[in-house]
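The values are calculated or read from the model by the stated rules, or taken from the named source; none is laboratory data. Predicted model, so just to flag it, every value in this text is computed and none were measured. Every residue, glycine among them, receives a Cβ derived from its backbone with ideal geometry; neighbour counts consider all protein chains shown. Remember, those area values only see protein heavy atoms, side chains included, never the ligands or the DNA or RNA. Shrake-Rupley method; radii C 1.70, N 1.55, O 1.52, S 1.80 Å.
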Amino acid sequence: MFPVWVSGNPFRNKQNEVVASIGVVTDMSQVKETDRKRFESEARFRDLFEASPDPIFVEDYDGIVLDANPAACALHNMSYREIVGFDIFKLFNEEDERIARKQFDEFVRGERSRLDAISPTADGTRLPISIHARRINYNGKEAELLVVHDVSSYKQLENELRKSERKYRALFEGSNGLMCTHDLDGTIRTMNPAGLGILDI
């Protein structure tokens, strides 16, 4: 037993009487298998899409949301029904929108695959985000898959590192004693002003 697709037309004689039929039988086994695999693939994608802790948006080239996972809805405190069909840029303030639109247009033109922006959140804060973008076909329409990553912790770490570097630099430059850095061979790489004065260099 195997699935088939049958098409047929009546065959008429000169008196316009139906005397036979002409039929074409097509084996649909391969088509059914392809449909099954596509359904399974789409189901797996949907499971990952829904369960992802990162906000994921599917948008057209104008920034209109075509699909969004629960994390994306929670990011902006919007229901699925509210966010689908919504112009995502309307959530940004004027300056953040200008930056986000510029990067978005660069992505559409194929000039970048990552967008860095400040996103408004449900509680009104401005969240630094990194968006990894990929072009996809969504229900026969060209679209973008946007995966949003919260980079606020990285930004905080960068700020702390800069503060630490400034403190080290102030200590290094302001010390009255000789301070230097050198490699394992003893070659001096940096020396503070006091050290240069002591050595009269």
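Restricting to the range 83-106, and then to whatever is in a loop (DSSP other than H, G, I, E, B) and aromatic (Phe, Trp, Tyr), can you tell me which residue is farthest from VAL148 (Cα to Cα)?
Here the residue is PHE86.
With SER113, SER79 as the choices, which residue is under 13 Å from the mean Cα position of the chain (by Cα) and of a type in the set (Gly, Ala, Ser)?
Step by step, each of SER113, SER79 is checked, and only SER113 is under 13 Å from the mean Cα position of the chain (by Cα) and of a type in the set (Gly, Ala, Ser).
Out of all the residues in the range 73-82, is one or more aliphatic (A, V, I, L, M), at pLDDT 80 or above and assigned to a loop (DSSP other than H, G, I, E, B)? It would help to see each step written out before you state the result.
Initially, the range 73-82 is screened for residues aliphatic (A, V, I, L, M), giving 74-75, 78.
Those still in the list that are at pLDDT 80 or above too: 74-75, 78.
So of that shortlist, the ones also assigned to a loop (DSSP other than H, G, I, E, B) come out as 78.
Within the range 73-82, one or more residues are aliphatic (A, V, I, L, M), at pLDDT 80 or above and assigned to a loop (DSSP other than H, G, I, E, B).
If you check every pair at least six apart or on different chains, which have Cβ atoms under 7 Å apart with a residue in the range 116-128 that is without any contact (Cβ under 8 Å) to a residue 40 or more places away in the chain and small (Gly, Ala, Ser) first and a residue that is outside any loop (DSSP other than H, G, I, E, B) and open to solvent by 30 Å² or more (accessible area, probe 1.4 Å) second?
Matching pairs, first to second residue: ALA117/ILE99.
Can you work out which of the residues in the range 15-66 that are in a strand (DSSP E or B) and of a type in the set (Gly, Ala, Ser) is modelled with the lowest pLDDT?
The extreme case among them is GLY23.
Please count how many residues of the range 115-147 are in contact with a Leu (Cβ under 9 Å, 6 or more places away or on another chain), assigned to a strand (DSSP E or B), open to solvent by 20 Å² or more (accessible area, probe 1.4 Å) and within 20 Å of ARG46 (Cβ to Cβ).
Selection size over the range 115-147: 6.
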